[in-house]
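Here is the structure we will look at.
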């Protein structure tokens, strides 16, 4: 059954070093996940790296069993079989039975063919898994009222695993979150038997019409800000969610900052160093007058700044020492839009892997 991870890495542009290119593929597929595992000592690469470089890429049409590889690499057949199992699970290699041994080989006789088959299978499995979002996700155009921040994309990271039979106490959403790696490597299950935090937050995002801020998450689920952020960023890294400024909270945040700084430093400071001199003079005078008359409230703030573009309001808020909350939301009004976003990131990653595989075949 397919079981692989994709972790987007900067493409090794222009490199023709075999070891570097193979290392890039292994890092992208997350075969080496712990620091210190890249080398086994004295400049010798990890077994999985040597299996690919010294055997499968050097002789792509041949097959290898664990005993033969173990003798050449100086490792036990059990250790070699573990590495070969990881290659088989991701779909890069396959195995046939010969004379009582499992003989492993690159699929269809070359690395580029193997990558193409792996990419096709992984994309199909992921697409089928993502189709379940249609039954869970609430359609909402309001959710996407705030424009996406294109510069705020996280490095893509997802797990793709085919659906296995459900275990006791598990439902389809539990399996979905586990198979896509959205609950993390070590799932914390509450002692009272309730759902993990990742599932609770995912259910909220599926039905939310507005972005979820950390303050709202703390109020709903408690725990700590770092843990909430890590949970939300797993959805973001997988392409399911995105992070945006809470422009809907801008009037409240701006009102609070103006009130606080006026009480501390007065009107002159607001006009000179506070940033009001940067905006329209008529608007600035209205703000100062309302603050001095003690009639400045959230509704007045929103109405007064209605003619000022949001980006200018955010600059003013920054000069006042305020900070606009960040929110997380699903990256589409409909389930098919979210699916397209995730699949586009998968396709981009596999295109890079295929280009590297083709380069390897030319230089070996």
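For the reader, a short list of remarks on this structure follows.
- Packing-based ranking, highest mean first, of 92-105, 347-360 given that Cβ atoms within 10 Å are counted: 347-360, 92-105
- Semi-axis lengths (Å, descending) of the ellipsoid that matches the C-alpha gyration tensor of the range 1-144: 32, 20, 15
- Seen through its C-alpha gyration tensor, with square-root eigenvalues sorted a ≥ b ≥ c, the range 180-236 comes out rounded because a/c lies under 1.5.
- Normalised by the number of residues in the range 249-319, the average gap of Cα pairs under 8 Å and 6 or more apart makes the relative contact order 46 percent.
- Kirkwood Rh, Cα atoms: Rg over Rh of the range 118-219: 0.97
- Maximal additional length on extending the residue 192-residue 154 stretch stands at 10.3 nm, based on 0.36 nm per residue less the C-alpha distance.
- Within the range 162-274, the ratio Rg/Rh, alpha carbon atoms throughout and Rh by Kirkwood, equals 1.17.
- Anisotropy class of the range 228-273 from Cα gyration tensor, a/c 1.5 cut: prolate
- Distance from the range 67-84 to the range 85-145 (C-alpha centre basis), Å: 25 Å
- Spread of Cα-to-Cα distances over 10 Å intervals beginning at zero, given as percent, for the range 249-319: 21, 66, 13
- Relative contact order for the range 50-122: 32 percent, from Cα pairs under 8 Å spaced at least 6 residues apart, divided by residue count.
- Length-normalised contact order of the chain in % [C-alpha pairs under 8 Å, at least 6 apart]: 22 percent
Where a number appears in this text, it was derived from the coordinates with a stated rule and is not lab data. All values derive from a computational prediction rather than experimental measurement. Don't worry about glycine lacking a Cβ; one is built from the backbone with ideal geometry, like all the others, and counts go over all protein chains shown.
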